[in-house]
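Heads up: the structure comes next, in structure tokens.
Values in this text are rule-based calculations from the coordinates and carry no lab data. Keep in mind it's a predicted model, so treat the numbers as computed, not measured. With ideal geometry, Cβ positions are generated from the backbone for all residues, glycine too; neighbour counts draw on all protein chains shown.
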Amino acid sequence: MKHNLILRVVSKFLIPLIFLFALYVQFHGDFGPGGGFQAGIIFSTGIILYALVFGVASAKKVIPPYILRALASLGVLIYAATGVASLLLGGNYLEYGVLASTQVAGQHLGILVIELGVGITVMAVMLIIFFAFAERGRSEEECE
């Protein structure tokens, strides 16, 4: 890939803003449009932009595949553990009202934790898929 200085500088400015917007969508999803799925996609686009500009090998150094697999599993575990916690506290599976002292506080906490698990899983799976397609049929030198 030809090293374009302007593209590299602009992307170094945009990537942190993409991550910041993903965090906003993640934590604002309880109160308005957005949530874990959208935040996971937005966060993964920041890493994909980095991979397109600086190379797939550089992106894999930033977030290695074994960490992506662990994050995908962690997100599903967070989702399932929230349901099990509500069962252990005397409610039904994913009945958020029992997670805190009041029904409303429990609903907010449950949605926040569930959306966090979804966001982590979606981000990790999107990057796993991107890396799989980006390296398909290419040698290691071509990925840089």
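Return yes when V25 is in contact with a Cys (Cβ under 7 Å, 6 or more places away or on another chain) and crowded, with 19+ Cβ neighbours inside 10 Å and no when it is not.
The answer is no for V25.
When you scan segment 100-121, how many residues do you find that are in a helix (DSSP H, G or I) and among the hydroxyl-bearing types (S, T, Y)? If you could, list the steps in order and put the result at the bottom.
Let us first name the residues in segment 100-121 that are in a helix (DSSP H, G or I), namely 103-121.
Filter once more, so that each one left must be among the hydroxyl-bearing types (S, T, Y): 121.
Qualifying residue count for the region: 1.
Here is a list: G55, G106. Which entry is crowded, with 16+ Cβ neighbours inside 10 Å, out of contact with any strand residue (DSSP E or B) (no Cβ under 9 Å at 6 or more places or on another chain) and on the phi > 0 side of the Ramachandran plot? If you could, list the steps in order and put the result at the bottom.
On the way: G106 fails: on the phi > 0 side of the Ramachandran plot.
Step by step, each of G55, G106 is checked, and only G55 is crowded, with 16+ Cβ neighbours inside 10 Å, out of contact with any strand residue (DSSP E or B) (no Cβ under 9 Å at 6 or more places or on another chain) and on the phi > 0 side of the Ramachandran plot.
Name every residue in segment 60-86 that is touching a residue at least 60 places away in the same chain (Cβ under 8 Å) and either among the charged types (D, E, K, R) or crowded, with 19+ Cβ neighbours inside 10 Å (or both), in order of residue number. Please lay out each step first, then the result.
First pass over segment 60-86, keeping only residues touching a residue at least 60 places away in the same chain (Cβ under 8 Å): 60, 63, 65, 68.
Listed by number, the residues that qualify are K60, L68.
Could you tell me how many of the residues in segment 71-92 are outside any helix (DSSP H, G or I) and within 13 Å of I111 (Cα to Cα)? Reasoning before the result, please.
Within segment 71-92, the first condition is being outside any helix (DSSP H, G or I), and the residues that meet it are 89-92.
Subsequent filtering for residues that are within 13 Å of I111 (Cα to Cα) retains none.
Residues in segment 71-92 being outside any helix (DSSP H, G or I) and within 13 Å of I111 (Cα to Cα): 0 in total.
Are any residues in segment 87-118 in contact (Cβ under 8 Å) with a residue 40 or more places away in the chain and among the aliphatic types (A, V, I, L, M), and if so, which ones? Spell out how you get there, then give the answer.
Of all residues in segment 87-118, those in contact (Cβ under 8 Å) with a residue 40 or more places away in the chain come to 108, 111-112, 114-118.
Residues satisfying the conditions are I111, L112, I114, L116, V118.
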